[in-house]
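Below is the structure I would like to discuss, written out as structure tokens.
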């Protein structure tokens, strides 16, 4: 019984028993080794579900639109489960809204190049952090070499060079907001980008506005980022967005103690929404 | 006439004398049309660029007019005209077809958009046919011949080692006239380009009329993220927003790309939004691509370049939608519009 | 289908997105949040001449522009009636006489003045929907002999929300063969007249379709126009004789920015005026 | 006109260039301190424009980026000393947020002296003046901010130099007779 068969069988049972109103997984895409998310509510479609090493998308955020229809069944690996924890801790959904089928993740292969995706080489939690049942056994995976290697590489640049580096990044951004729409931490009802009356950020596409959007997004999700790497994967311009997120995570860990966000439902408050009297004092 | 691929670069240098020549190139890892010059090495091996050439005719942010207060306190409006002589060298037949769609939108139906019209007149299009196709290309199914572009000024059909030069407009003939140093006589057979992806388009437009409330849209839009990627990489998407940049008393009013996928695209001041949910937006986008534009201008708004199929974060695929529509058993209700 | 013929996509013009600078010559405060502005060009002439029902993109250079119906016009000015609902309208309400604004137009099609000749007219409007209807009503009153009996059914949520009160209660009731019926949604101390939502109030007036000789013109919020359409069709009106003006967010006003589309049609260029029968054929998610 | 300042263009310093600095001052402590500095006739350069915010906790990082984009060369955020905050915990959150944001801006290539945060209480008028003076000198030494800023930057009236630069009380404006 491969993980895929277990998932299919369990999905059919859950949907038939009515315990779950809809089930989220992956299905085969049109091209070789391509997968695309699949949301089913009819048990007969359960056979379309696939689980292989090409399941690229993280599914957590779909639950937000499906909860009004009833309980949602979901296949969760490491990143999906942390996305679900993030949604629960941010009170977007409740724990009983979802039924989680955990499965260990060996790492996803890029269907074009054949090597593991960048986000999977850097993944440190490939087994689900919470789940109702396991569809396959956990997969051991050696921890990546150095979590903040790319951050340090940018920090070593000289100041003018770094400034030009980030200006070239912001010059490429086309403001399609795919990074915001895929991120499980980005769940505001009305994003500051869409608040046209307040006009925080204009609609024109120039370096200044792109920097405003980029920096604001990092500051909004910095301490809650689950490092799933989806923002980098979905960016049509391949901007290295994780370099910004990881920089904030590295500083948070250095300054306020090691904190791994979205690991369990009852974890402590994120660093930026709490304080400590004995914090480091730099501004005296 | 034949143009050997070896003397492409000298030809480009000669053309770039008085004009901006844009060639497909990888700039910082992004495949787009970049100004030919030092530091830009052309990538004619690319099947197609990620960013479409519509940026040359319809820039992502385009200043329209500047307004300030003149001597006796009245507002004064001065238009920008940033259009200049441009050549796009290496545009593909599917993008050439997208320019036809943009021409229909901006130059017809009672109002001529002069920003687009100025840029369009000053643009010389040199189209290069495709010898090989990517897995996501389906231009033939949308009525585009990978080795022909009727509305290009100059058509270079890829014949392996050489290009077969066809000047198709007076402007093209004038340009080819001073290519004498690089072109020699003779003829060559263009390489046939096989596409691995094909869709069956006939009957789809009429079928869509009756599919407006079909659950097909529900299953499609549920997995869409509603980001703007597909609309910004699409060569035929032409929606724009108008806003202004202020500096105390004077300012600039510009227009910039907008996407029907954004939530505030049709949000009205009173709070009413005719397309509040993903379902309406995704349906509106694909109906516009496959049906609305056809009813209004008589041609499909999808040219089969495959960029949205390539770049969609959740692999939401217009070709699979076309197949699903074909499979639907709804009797096509031909609307006499 | 003996419906009314409406011309579509008939607006023309060059340099469509470039406004002209106009001056506000007169401001009348209709209600606490509705003002009417009369505009002239800087050298005192009429900005553009337009048919009744056409639209103009009226706004401030510093804040933006919005699409409004030309609610009235004479040979020196055009008038727009603006309700304060958003960012730009708020700034418009802060204008005073003599300020300079940006104006471009005319856009959109116009009321079928030819098609409705010789028919009885039933105007139905809700709240801020009266200005568009009034542009047709004023035309009918100027060419009174071309039209039969005129009825105006107008309703608002509060007495203060009723626009053009002076014309509504003093001038129009005395026009020959014209009947004004006004109702409020809820009780209001300043109001002793009828109470009721527009659609039920319309049914109490039993204004039948006169077997095709009466044309209904509707303009109001989404709920009003939906309920009134149903009650009119139930009363026997032919869908071709019910005309309505639609409203969506508009940015360019010339059918290019793709925002106000109803199916393949653009409300700013092919509309905003359609018959109910045409709307039925379009994919509408208004 | 919207001025497109590319990196090279801003590098050379125009001759009478004056740094433009915005100080976000917390209403309860630093703003009172600044007021006290004015009361005691303490002179500090007028390059700093003071903006009052309810608490340093209200300091939104977006204000800093908007200020830099709109043309300021330096940003100063001041708040009450930890423990003095009128809202008890405002400056504790601000301390964390500003530490992270300062490192993020430096990571993106902003010179460290351009974005500074200080705790200045209501009584420390001298500290406010010294902080403002040191920030102005540091930013002046760094020269104009050479980030690409396509948002038109404010061109405020030139700062009057010489000794009357500091007595900022405008003399009575005598309305000359309005010609017909």
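The values are calculated or read from the model by the stated rules, or taken from the named source; none is laboratory data. The structure presented is a predicted model; accordingly, all values stated were derived computationally and were not measured. All Cβ positions, even for glycine, are placed from backbone atoms using ideal geometry, and neighbour counts span all protein chains on display.
Per-residue answers, yes or no, for (1) over 17 Å from residue C:273 (Cβ atoms); (2) in contact with a strand residue (DSSP E or B) (Cβ under 6 Å, 6 or more places away or on another chain):
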residue	(1), (2)
C:77	yes, yes
C:84	yes, no
C:87	yes, no
C:91	yes, yes
C:112	no, no
C:121	no, yes
C:127	yes, yes
C:137	no, yes
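Could you please let me know if residue C:261 is touching a helix residue (DSSP H, G or I) at 6+ places or on another chain (Cβ under 7 Å) and more than 13 Å from chain B (Cβ to nearest Cβ)?
no
Test each condition in (1) surrounded by fewer than 23 Cβ atoms within 10 Å (Cβ to Cβ); (2) within 16 Å of residue A:227 (Cα to Cα) for residue A:78 and report the one that comes out false.
(1)
If you don't mind, another one. For residue C:253, are the conditions met, namely being surrounded by fewer than 21 Cβ atoms within 10 Å (Cβ to Cβ), touching a residue at least 60 places away in the same chain (Cβ under 8 Å), within 12 Å of another protein chain (Cβ to nearest Cβ) and within 21 Å of residue C:135 (Cβ to Cβ)? Please lay out each step first, then the result.
Details: surrounded by fewer than 21 Cβ atoms within 10 Å (Cβ to Cβ): no; touching a residue at least 60 places away in the same chain (Cβ under 8 Å): yes; within 12 Å of another protein chain (Cβ to nearest Cβ): yes; within 21 Å of residue C:135 (Cβ to Cβ): yes.
Here the answer is no, as residue C:253 does not meet what is asked.
Residues in segment B:20-35: is at least one assigned to a strand (DSSP E or B), within 30 Å of residue C:99 (Cβ to Cβ) and away from chain A (no Cβ under 14 Å)?
If we filter segment B:20-35 for residues that are assigned to a strand (DSSP E or B), which is where we start, we get B:20-27, B:30-35.
So of that shortlist, the ones also within 30 Å of residue C:99 (Cβ to Cβ) come out as none.
Looking for residues that are assigned to a strand (DSSP E or B), within 30 Å of residue C:99 (Cβ to Cβ) and away from chain A (no Cβ under 14 Å), one finds none in segment B:20-35, hence no.
Does residue C:180 satisfy the criteria of being in contact with a helix residue (DSSP H, G or I) (Cβ under 9 Å, 6 or more places away or on another chain) and crowded, with 24+ Cβ neighbours inside 10 Å?
Details: in contact with a helix residue (DSSP H, G or I) (Cβ under 9 Å, 6 or more places away or on another chain): yes; crowded, with 24+ Cβ neighbours inside 10 Å: no.
No, not satisfied.
Another question about this same structure. What is the residue count in segment A:255-273 for residues that are surrounded by fewer than 15 Cβ atoms within 10 Å (Cβ to Cβ) and facing chain D (nearest Cβ under 9 Å)?
Qualifying residue count for the region: 1.
So which residues in segment A:67-78 are in contact with a helix residue (DSSP H, G or I) (Cβ under 7 Å, 6 or more places away or on another chain) and either within 11 Å of chain B (Cβ to nearest Cβ) or outside any helix (DSSP H, G or I) (or both)?
Of everything in segment A:67-78, those that are in contact with a helix residue (DSSP H, G or I) (Cβ under 7 Å, 6 or more places away or on another chain) and either within 11 Å of chain B (Cβ to nearest Cβ) or outside any helix (DSSP H, G or I) (or both) turn out to be A:71, A:72, A:73, A:74, A:75, A:76.
Additional query: Check every one of the helices (runs of 4 or more DSSP H) wholly within segment B:248-337 and list those with 1 or more residues that are at the interface with chain C (Cβ under 10 Å from one of its Cβ atoms) and within 26 Å of residue C:265 (Cβ to Cβ). Step through it out loud before you land on a result.
Working: elements: B:278-287, B:293-297, B:307-311, B:318-327.
Counting at least 1 such residues, we get B:278-287, B:293-297.
Here is a list of conditions, (1) part of a loop (DSSP other than H, G, I, E, B); (2) within 13 Å of another protein chain (Cβ to nearest Cβ); (3) touching a helix residue (DSSP H, G or I) at 6+ places or on another chain (Cβ under 8 Å), and residue C:66 meets all of them except one; can you say which number that is?
(1)
Across segment B:232-244, which residue is farthest from residue B:49 (Cα to Cα) among those that are at the interface with chain A (Cβ under 8 Å from one of its Cβ atoms) and crowded, with 21+ Cβ neighbours inside 10 Å? Lay out the reasoning, then the answer.
As a first pass, look at segment B:232-244 and keep what is at the interface with chain A (Cβ under 8 Å from one of its Cβ atoms): B:232-233, B:241, B:243.
In the following step, the residues that additionally are crowded, with 21+ Cβ neighbours inside 10 Å were identified as B:232-233, B:241.
Details: B:232: 13, B:233: 10, B:241: 25 Å.
Ranking the candidates gives B:241 first.
Against the condition in contact with a helix residue (DSSP H, G or I) (Cβ under 7 Å, 6 or more places away or on another chain) and either assigned to a loop (DSSP other than H, G, I, E, B) or modelled with pLDDT of 90 or more (or both), how does residue B:155 come out, does it pass? If you could, list the steps in order and put the result at the bottom.
On the way: in contact with a helix residue (DSSP H, G or I) (Cβ under 7 Å, 6 or more places away or on another chain): no; either assigned to a loop (DSSP other than H, G, I, E, B) or modelled with pLDDT of 90 or more (or both): yes.
Criteria not met by residue B:155.
Filter segment C:206-232 down to residues that are surrounded by fewer than 15 Cβ atoms within 10 Å (Cβ to Cβ) and free of Cβ contacts under 8 Å to residues at least 60 places away in the same chain and give me whichever is farthest from residue C:183 (Cα to Cα). I'd like the intermediate steps shown before the answer.
So the first thing to find is which residues in segment C:206-232 are surrounded by fewer than 15 Cβ atoms within 10 Å (Cβ to Cβ), and the list is C:206, C:208, C:211-213, C:222-223, C:226, C:230.
Within this subset, residues satisfying the condition of being free of Cβ contacts under 8 Å to residues at least 60 places away in the same chain are C:206, C:208, C:211, C:223, C:226, C:230.
On the way: C:206: 15, C:208: 19, C:211: 26, C:223: 16, C:226: 18, C:230: 19 Å.
That would be C:211.
Just give me the residues in segment C:86-113 being assigned to a loop (DSSP other than H, G, I, E, B) and touching a residue at least 24 places away in the same chain (Cβ under 8 Å), in sequence order. Break it down into steps so the answer makes sense when it comes.
Pass one, segment C:86-113, residues assigned to a loop (DSSP other than H, G, I, E, B): C:86, C:94-99, C:108-113.
Within segment C:86-113, C:95, C:96, C:97, C:98, C:99, C:108, C:109, C:110, C:111, C:112, C:113 qualify.
Table: residues versus (1) more than 13 Å from chain D (Cβ to nearest Cβ); (2) surrounded by 21 or more Cβ atoms within 10 Å (Cβ to Cβ).
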{"position": "A:152", "(1), (2)": "no, no"}
{"position": "A:159", "(1), (2)": "no, no"}
{"position": "A:165", "(1), (2)": "no, no"}
{"position": "A:171", "(1), (2)": "no, no"}
{"position": "A:182", "(1), (2)": "yes, yes"}
{"position": "A:186", "(1), (2)": "yes, no"}
{"position": "A:190", "(1), (2)": "yes, no"}
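Answer yes or no as to whether residue C:198 is modelled with pLDDT of 90 or more and touching a helix residue (DSSP H, G or I) at 6+ places or on another chain (Cβ under 7 Å). Let's see the steps before the verdict.
On the way: modelled with pLDDT of 90 or more: no; touching a helix residue (DSSP H, G or I) at 6+ places or on another chain (Cβ under 7 Å): yes.
So residue C:198 fails the test.
A follow-up question, please. Return the residues of segment D:49-85 that are away from chain A (no Cβ under 11 Å), assigned to a helix (DSSP H, G or I) and crowded, with 23+ Cβ neighbours inside 10 Å; say none if nothing qualifies.
Passing the criteria: none in range.
Take the conditions at pLDDT 95 or above and crowded, with 21+ Cβ neighbours inside 10 Å and apply them to residue A:211. Does it pass?
Working: at pLDDT 95 or above: no; crowded, with 21+ Cβ neighbours inside 10 Å: yes.
No; evaluated as a whole, the condition is false for this residue.
Ok, one more. Among the numbered conditions (1) crowded, with 20+ Cβ neighbours inside 10 Å; (2) under 26 Å from residue B:304 (Cα atoms); (3) out of contact with any strand residue (DSSP E or B) (no Cβ under 7 Å at 6 or more places or on another chain), tell me where residue B:266 comes up short.
So the condition that residue B:266 fails would be (2).
Can you tell me how many residues in segment C:133-170 are in a loop (DSSP other than H, G, I, E, B) and either free of Cβ contacts under 8 Å to residues at least 60 places away in the same chain or over 18 Å from the mean Cα position of the chain (by Cα) (or both)? Step through it out loud before you land on a result.
Here is the first cut: in segment C:133-170, the ones in a loop (DSSP other than H, G, I, E, B) are C:143, C:147-149, C:157-158, C:162-164.
Retained after the next criterion (residues that are either free of Cβ contacts under 8 Å to residues at least 60 places away in the same chain or over 18 Å from the mean Cα position of the chain (by Cα) (or both)): C:143, C:147-149, C:157-158.
Within segment C:133-170, residues that are in a loop (DSSP other than H, G, I, E, B) and either free of Cβ contacts under 8 Å to residues at least 60 places away in the same chain or over 18 Å from the mean Cα position of the chain (by Cα) (or both) number 6.
Right, another one. Filter segment A:45-66 for residues that are assigned to a helix (DSSP H, G or I) and within 13 Å of chain B (Cβ to nearest Cβ); which is surrounded by the most Cβ atoms within 10 Å (Cβ to Cβ)?
Our first condition is that a residue be assigned to a helix (DSSP H, G or I); within segment A:45-66, this holds for A:45-48, A:62-66.
Adding the requirement that they be within 13 Å of chain B (Cβ to nearest Cβ) leaves A:45, A:48, A:62-66.
Values: A:45: 19, A:48: 14, A:62: 22, A:63: 25, A:64: 15, A:65: 17, A:66: 23.
Ranking the qualifying residues of segment A:45-66, first place goes to A:63.
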